[in-house]
Amino acid sequence: MLKEKGFNEPCMIAMNIEDGRQYGTNRTNSELPIKVCSHPTQSVAQKWLRKTKNLHIEISYMYENYWTYDILTIPRHDLIGLSDRPIIRYNTYEEALEAGLQEALKLI
């Protein structure tokens, strides 16, 4: 979904979208064959959303031992796109971040 939203940063890994094979590379999506796309880490994707779309994914640890996320605009810090969703409890920081990344991409 990142490629569809304009992600074109160099990544160390690329993935064939038809069979899931991964390749070591350091190329952008525009430098890769059509059926191959870059496969950034969550951190790279999160930084790209902040830099290019002004969206910040905030991960919160809750005292009952679960994680949640919010999506905020930069620089106004407005909470967006999540008012009608139920609160989902994620077991790990990474699960919450991945859900936040996917939701943020739907908003753009």
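The values are calculated or read from the model by the stated rules, or taken from the named source; none is laboratory data. Note that the structure is a prediction, hence the values are computed from the model and not measured. All Cβ positions, glycine included, derive from the backbone under ideal geometry; neighbour counts span all protein chains shown.
Evaluating residue 34 against the criteria (1) closer than 13 Å to residue 104 by Cα; (2) surrounded by fewer than 17 Cβ atoms within 10 Å (Cβ to Cβ); (3) among the aliphatic types (A, V, I, L, M) leaves one unmet condition, (1). Among the residues here, residue 44 does not qualify as hydrophobic (A, V, I, L, M, F, W, C), free of Cβ contacts under 8 Å to residues at least 24 places away in the same chain and touching a strand residue (DSSP E or B) at 6+ places or on another chain (Cβ under 9 Å).
Within this structure, residue 47 passes the test of being surrounded by 12 or more Cβ atoms within 10 Å (Cβ to Cβ) and outside any strand (DSSP E or B).
Scanning the stretch 65-108 for residues that are in contact (Cβ under 8 Å) with a residue 24 or more places away in the chain and in a loop (DSSP other than H, G, I, E, B) yields 74, 80, 81, 89, 91, 92, 108.
Each row is one residue, and each column tells you yes or no for (1) aliphatic (A, V, I, L, M); (2) in contact with a strand residue (DSSP E or B) (Cβ under 7 Å, 6 or more places away or on another chain); (3) modelled with pLDDT under 95.
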| residue | (1), (2), (3) |
| --- | --- |
| 56 | no, yes, no |
| 61 | no, yes, no |
| 70 | no, yes, yes |
| 75 | no, no, yes |
| 84 | no, no, yes |
| 87 | yes, yes, yes |
| 96 | yes, yes, no |
| 108 | yes, no, yes |
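Could you check, for the stretch 2-9, whether at least one of its residues is outside any loop (DSSP other than H, G, I, E, B) and touching a residue at least 24 places away in the same chain (Cβ under 8 Å)? No, that holds for no residue.
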